[in-house]
Amino acid sequence: MTAVEKPPVAWPANLPSMPAVDFSQFGPVETVDLSRYQLLTGAFLGRNWVQIPHVTHHDEAEIDALDAYRRQLSQELGIKLTPLPFLIKALVNALKAFPKFNASLSVDGKRLMLKQYFHIGVAVDTDNGLLVPVIQDCDRKSVAEIAAELAEKSARARSKGLPITEMSGGCMTISSLGSIGGTAFTPIINAPEVAILGVTKAAERLALVDGQVVLKHLLPLSLSYDHRVINGADAARFCRFVAEQLADPTLLV
Ligand code: CAO
């Protein structure tokens, strides 16, 4: 067979392989093994990043009213409430309004399966790597119930890990770095989901409204979406919808 007749190869095979470098020639080095979770997650993240055409859309939600309401409800119920359970409720409402986001592509990429349930995954940072517990039926749970389930699942994820059954069946995932910092990032879609919502740290900023300087509490949103299923205008509308829900906490409870 001549070079011309060779069958086409998948494009990754045409790339040079990663260099195997002996770093000890440059200085002292310690080698540690990646955890089982890191190996598994890494393989899936690599597949998703390479196989899904990602685009990330950024927006901001005004959360002054939400903040006041969150503190009031937290005091009334005597429980800790972060912005995250409210964000889950806002996301559920957005998935109802934009069914294409609550969907998965068939493996051949020809059909879209629209889900009629609302299970939300939440990325949890653990010493052993990233785990994504799924909270089922978030449309039927209150903010307090979601907060309690999230606290229980994330504590268990950190102490002894979670079975795969508790990390399956999600419709869309939230990755929140809000307690740490940042202004925006590009979360990788958790296939077979078609979008993922990233959140970074809320901050107060001065803004000009009708010629007046006002102080606003803004929550940054970073939505990565599968461009085969969702286009930019849909993503922008989806983020605006989430932001409007967060701006009016009465819509979430
Ligand atoms: N802006 C400002 N403050 C925020 C915030 C935000 N967007 N989100 C949370 N906070 C605050 C909370 O209100 C809380 O404040 P207090 O201590 O004053 O009550 C504090 O940050 C800590 O919150 P938390 O982390 O305990 O709770 P959470 O509900 O926000 O998040 C969990 C829970 C499990 C998502 C989080 O602990 C976690 O693991 N985050 C990392 C996820 C991650 O690694 N994503 C990246 C995936 S890609 O590699």
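Considering only region 34-56, I want to know if a residue exists there that is within 30 Å of G198 (Cβ to Cβ), surrounded by 11 or more Cβ atoms within 10 Å (Cβ to Cβ), modelled with pLDDT of 95 or more and of a type in the set (S, T, Y). Yes, some residue in region 34-56 is within 30 Å of G198 (Cβ to Cβ), surrounded by 11 or more Cβ atoms within 10 Å (Cβ to Cβ), modelled with pLDDT of 95 or more and of a type in the set (S, T, Y). Within this structure, S74 fails the test of being in contact (Cβ under 8 Å) with a residue 12 or more places away in the chain and among the small types (G, A, S).
As a summary of the residue check, C171 satisfies the conditions (1) under 25 Å from G232 (Cα atoms); (2) in contact with a His (Cβ under 6 Å, 6 or more places away or on another chain); (3) within 14 Å of the ligand (Cβ to nearest atom) except for the one numbered (3). Only residues that are under 25 Å from Q116 (Cβ atoms) and under 16 Å from the mean Cα position of the chain (by Cα) were counted in region 137-170, giving 6. So which residues in region 143-178 are within 13 Å of P85 (Cβ to Cβ), touching a residue at least 24 places away in the same chain (Cβ under 8 Å) and open to solvent by 50 Å² or more (accessible area, probe 1.4 Å), if there are any at all? The answer is A148, A151.
Annotation: of all residues in region 201-212 being open to solvent by less than 100 Å² (accessible area, probe 1.4 Å) and either basic (K, R) or without any contact (Cβ under 8 Å) to a residue 24 or more places away in the chain (or both), the one that is farthest from the ligand (Cβ to nearest atom) is G211. Annotation note: of A103, A61, the sole residue that is of a type in the set (G, A, S), out of contact with any helix residue (DSSP H, G or I) (no Cβ under 9 Å at 6 or more places or on another chain) and buried (at least 21 other Cβ atoms within 10 Å of the Cβ) is A103.
The residues of region 113-128 that are near the ligand (Cβ under 9 Å from one of its atoms) and small (G, A, S) amount to a single one, A123. Does A195 meet the test of being of a type in the set (A, V, I, L, M) and under 25 Å from S168 (Cα atoms)? It is true that A195 is of a type in the set (A, V, I, L, M) and under 25 Å from S168 (Cα atoms). Can you confirm whether region 220-227 contains a residue that is charged (D, E, K, R), open to solvent by 10 Å² or more (accessible area, probe 1.4 Å) and modelled with pLDDT of 95 or more? No - not one qualifying residue is present in region 220-227. Of D33, D59, D67, all but one fail to be among the acidic types (D, E) and within 13 Å of the ligand (Cβ to nearest atom); the exception is D67.
The values are calculated or read from the model by the stated rules, or taken from the named source; none is laboratory data. These numbers were taken from a predicted model, which means no experiment stands behind them. Here Cβ is always computed from backbone atoms with ideal geometry, including for glycine, and neighbour counts include all displayed protein chains. Side chains are part of the model used for accessible areas, which takes the heavy atoms of the whole protein and leaves out ligands, DNA and RNA. Shrake-Rupley method; radii C 1.70, N 1.55, O 1.52, S 1.80 Å.
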